[in-house]
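Undergrad: Handing you this structure, nothing more for now.
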Amino acid sequence: MKSLNISSLTFAFPGDNSPILKELDMKLDPGTITAVIGNNGTGKTTLMRAILGILEIQDGDIFWEETVNNTRTPLKTSNIAFLPQNEYINPDLLVDEVILMGRLPFVGAFAEPNMEDLKKTEEAIHRLSLKRFATKKIGTLSGGERQRVRLARSIAQEAELILLDEPLTHLDVISKNQIINLILSLRSEGKTIIFSTHNPLEALKIADYAVLISNDHASEFGAVERILTSEKVSQCLKVKIRFGLDNGQYYQVVEDF
């Protein structure tokens with residue numbers, strides 16, 4: 001099994017002397033969920049793009065580390081699934097075609113998907129209960145249904161690391177619960193999952209680790225119960241929030257704006 005290690009990660013956009021990410025350290029065990037929390041513009045999406053290798057970091061390291069012999073290996077994009085918050089998908093594509101795109105890292109140039117690719121696509125369709133949508137155009141689906149299709153695409157990819165940029169935003173209660181249950185099931189399979197959110201309550205309910213990124217881009221990482229305290233979250237988000245437990249369930253109260 002491999003842990004994801006991020007060491008002293010620092011990133012600033014070209015021509016900007018103020019880093020968006022400052023010396024961020026994280027070590028994520030396999031089979032864990034990490035929530036990234038911060039206001040708009042603090043660097044949540046930037047962190048995911050840096051992990052993907054889309055952005056060139058100024059300092060630091062990102063690597064897999066074998067838990068047995070401590071061997072370090074670089075990340076490969078074929079082992080990373082990324083669901084951006086906003087994504088254009090041709091509305092005329094069929095649902096099964098979109099999910100099949102998850103197999104692109106394994107299909108050679110100018111090659112056709114093989115039986116294994118089709119099998120993994122069908123398995124993802126079944127897992128997300130999308131069979132009745134498989135031959136429908138994705139543009140005809142609701143927001144929650146489209147989100148399930150995009151997650152099925154990630155499952156078809158068989159990625160070890162899954163990056164989800166605000167996956168629960170703008171979803172109704174039923175769709176949100178479906179996505180949460182899927183995230184939890186992926187954790188049980190040993191996947192490493194990072195998701196961003198504006199809602200710390202979502203993180204308290206499902207995450208093992210949390211990263212708080214403040215408006216000045218300072219960050220803190222650790223076990224979710226240690227990081228997401230009322231005091232720390234209130235200071236980070238600039239809103240007074242109080243967390244509590246009722247019959248084993250977390251709740252939050254926004255005390256002023």
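Undergrad: Just one of Glu166, Glu158, Glu202 is closer than 24 Å to Asp117 by Cα and either touching a residue at least 24 places away in the same chain (Cβ under 8 Å) or not basic (Lys, Arg) (or both); which is it?
TA: Only one candidate qualifies: Glu158.
Undergrad: Now a separate question. Select from region 220-245 the residues that are open to solvent by less than 90 Å² (accessible area, probe 1.4 Å) and over 15 Å from Asn199 (Cβ atoms) and list them in ascending order.
TA: Within region 220-245, Glu220, Phe221, Gly222, Ala223, Thr229, Lys232, Gly244 qualify.
Undergrad: Looking at region 23-53 only, could you name the residues that are among the polar types (S, T, N, Q) and either closer than 13 Å to Ser196 by Cβ or open to solvent by 20 Å² or more (accessible area, probe 1.4 Å) (or both)?
TA: Thr34, Asn39, Asn40, Thr42, Thr45, Thr46
Undergrad: Can you name the number of the only condition in (1) at pLDDT below 90; (2) within 30 Å of Leu118 (Cα to Cα); (3) open to solvent by 60 Å² or more (accessible area, probe 1.4 Å) that Tyr88 fails?
TA: (1)
Undergrad: Okay, moving on. Is it the case that Asn79 is open to solvent by 70 Å² or more (accessible area, probe 1.4 Å), at pLDDT below 90 and farther than 20 Å from Leu212 by Cα?
TA: no
Undergrad: Sort out which residues of region 119-147 are over 24 Å from the mean Cα position of the chain (by Cα), assigned to a helix (DSSP H, G or I) and exposed (fewer than 15 other Cβ atoms within 10 Å of the Cβ), and write them in order of number.
TA: The answer is Lys119, Lys131, Arg132, Thr140.
Undergrad: On to the next question. So Ile183 ticks every box in (1) part of a helix (DSSP H, G or I); (2) open to solvent by less than 10 Å² (accessible area, probe 1.4 Å); (3) touching a helix residue (DSSP H, G or I) at 6+ places or on another chain (Cβ under 6 Å); (4) not aromatic (Phe, Trp, Tyr) but one. Which box is left unticked?
TA: Only one criterion in (1) part of a helix (DSSP H, G or I); (2) open to solvent by less than 10 Å² (accessible area, probe 1.4 Å); (3) touching a helix residue (DSSP H, G or I) at 6+ places or on another chain (Cβ under 6 Å); (4) not aromatic (Phe, Trp, Tyr) is unmet by Ile183, namely (3).
Undergrad: Same structure, new question: Given the conditions (1) of a type outside the set (Lys, Arg); (2) under 22 Å from Pro30 (Cα atoms); (3) surrounded by 13 or more Cβ atoms within 10 Å (Cβ to Cβ), report the number of the one that Ser188 does not fulfil.
TA: (3)
The values are calculated or read from the model by the stated rules, or taken from the named source; none is laboratory data. Everything quoted here is computed from the prediction, not taken from an experiment. Please note: Cβ atoms are built from the backbone with ideal geometry, for glycine as well, and neighbour counts cover all protein chains shown. With ligands, DNA and RNA removed, areas are computed over all heavy atoms of the protein, side chains included. Shrake-Rupley method; radii C 1.70, N 1.55, O 1.52, S 1.80 Å.
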